1. Only residues that are within 21 Å of residue 236 (Cβ to Cβ) and either in contact (Cβ under 8 Å) with a residue 24 or more places away in the chain or surrounded by fewer than 17 Cβ atoms within 10 Å (Cβ to Cβ) (or both): list them for region 206-218, please.
2. When residues of region 297-308 are filtered for being surrounded by fewer than 24 Cβ atoms within 10 Å (Cβ to Cβ) and in a helix (DSSP H, G or I), how many remain?
3. For residue 66, are the conditions met, namely being part of a helix (DSSP H, G or I) and either in contact (Cβ under 8 Å) with a residue 40 or more places away in the chain or farther than 14 Å from residue 240 by Cα (or both)?
4. Please find, within region 37-46, the residue that is modelled with the lowest pLDDT out of those that are exposed (fewer than 15 other Cβ atoms within 10 Å of the Cβ) and under 12 Å from residue 268 (Cα atoms).
5. So residue 120 fits all but one of (1) within 21 Å of residue 199 (Cβ to Cβ); (2) in contact (Cβ under 8 Å) with a residue 40 or more places away in the chain; (3) surrounded by 15 or more Cβ atoms within 10 Å (Cβ to Cβ); what number is the exception?
6. Report yes if residue 187 is touching a strand residue (DSSP E or B) at 6+ places or on another chain (Cβ under 9 Å), in a helix (DSSP H, G or I) and within 21 Å of residue 312 (Cβ to Cβ), otherwise no.
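The values are calculated or read from the model by the stated rules, or taken from the named source; none is laboratory data. Every value quoted in this text rests on a predicted model; they were computed, and no experiment measured them. Cβ: placed from backbone, ideal geometry, glycine included. Neighbour counts: every protein chain shown.
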């Protein structure tokens, strides 16, 4: 073992399976390089005078919160803001659920920022507690925490406090860190809250529900299902309320059939994390090793994280458009932590694929 306190998931594999694993890793790394061929979103100018162009969606949500704070009805305010900005208003999912805007409207701005920072700090502490037993000594733990910080850069920017994916992404990361087979209630509750802020968090909850069922934890599975039931009720009420404020001539969404593929997921994740500072080819390969590292961690959180990333990769690759790359924020906070598990995983995979020497069995004969 190089970093971890325990062997990786790939330790002890048969030679044939290990070699197949190496082939699959190579395929994964090649697939990440498809990020070089997908279109990139428009570059941010960085000019304060052009914030309306750089952060149009952020300003939209800020205006909605401000309207509700001054006594407006959420749906009327949101409809006017969307109409003014020439945003699509059909189908009803073009309207965000009112949870975040209503809560923020009830609080002063400084309190909202404080809550965001407190949530981010909670995510860091929860992952520190979860990762500490996984590493044999302090250096790899420190590296893992640095990687965690690298995934959370966008989540401690006060100007993004009205962005739904920022809050939902942090809540998903917190839920994943807190979940244990014998302590899942808080994790399920936090997952439900994430869904009420951004309904696409239901993908994460679906992963947790399915894996709980497969592991035979029926009570836990029902806990996650209860959150989905709550979301369903909220979505039905939301759709009804949206129908009351949408006019026949309001614009409809162009759809969400981007079909940009796995490379777009990789690009979205690099843009959402500190990997954006690296050349795209290097960032893409590191993202591949990140996913490999999560697969290598022999812990329930590792397989749950990997399954969650895979499901969001499918969502973003199939339905994401160039201007919706920010969907990657839903899983960005903790994703880079997987790199900390990659060295041991790679070492164990190579050792299993190419064992050194012959195994000699000595048998003692007793007359």
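1. Filtering region 206-218 for residues within 21 Å of residue 236 (Cβ to Cβ) gives 206, 209.
The one that is within 21 Å of residue 236 (Cβ to Cβ) and either in contact (Cβ under 8 Å) with a residue 24 or more places away in the chain or surrounded by fewer than 17 Cβ atoms within 10 Å (Cβ to Cβ) (or both): 206.
2. Just the residues of region 297-308 that are surrounded by fewer than 24 Cβ atoms within 10 Å (Cβ to Cβ), to begin with: 298-304, 306-307.
Next, from what is left, pick out any that are in a helix (DSSP H, G or I): 300-304, 306-307.
Selection size over region 297-308: 7.
3. On the way: part of a helix (DSSP H, G or I): yes; either in contact (Cβ under 8 Å) with a residue 40 or more places away in the chain or farther than 14 Å from residue 240 by Cα (or both): yes.
Yes.
4. Going residue by residue through region 37-46, those that are exposed (fewer than 15 other Cβ atoms within 10 Å of the Cβ) are 37, 39-46.
Filter once more, so that each one left must be under 12 Å from residue 268 (Cα atoms): 39-41.
On the way: 39: 85, 40: 78, 41: 75.
Taking the candidates together, the pick is 41.
5. Result: residue 120 passes all but (1).
6. Working: touching a strand residue (DSSP E or B) at 6+ places or on another chain (Cβ under 9 Å): yes; in a helix (DSSP H, G or I): yes; within 21 Å of residue 312 (Cβ to Cβ): yes.
Spelling it out, residue 187 is indeed touching a strand residue (DSSP E or B) at 6+ places or on another chain (Cβ under 9 Å), in a helix (DSSP H, G or I) and within 21 Å of residue 312 (Cβ to Cβ).
Each row is one residue, and each column tells you yes or no for (1) farther than 28 Å from residue 132 by Cα; (2) part of a loop (DSSP other than H, G, I, E, B).
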position: 223; (1), (2): no, no
position: 234; (1), (2): yes, no
position: 259; (1), (2): yes, yes
position: 288; (1), (2): no, no
position: 295; (1), (2): no, no
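Residue-wise test of (1) in contact (Cβ under 8 Å) with a residue 12 or more places away in the chain; (2) under 26 Å from residue 297 (Cα atoms); (3) buried (at least 19 other Cβ atoms within 10 Å of the Cβ).
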position	(1), (2), (3)
108	no, no, no
115	no, no, no
125	no, yes, no
136	yes, yes, no
143	yes, yes, no
147	yes, yes, yes
165	yes, no, yes
168	yes, yes, yes
196	yes, no, yes
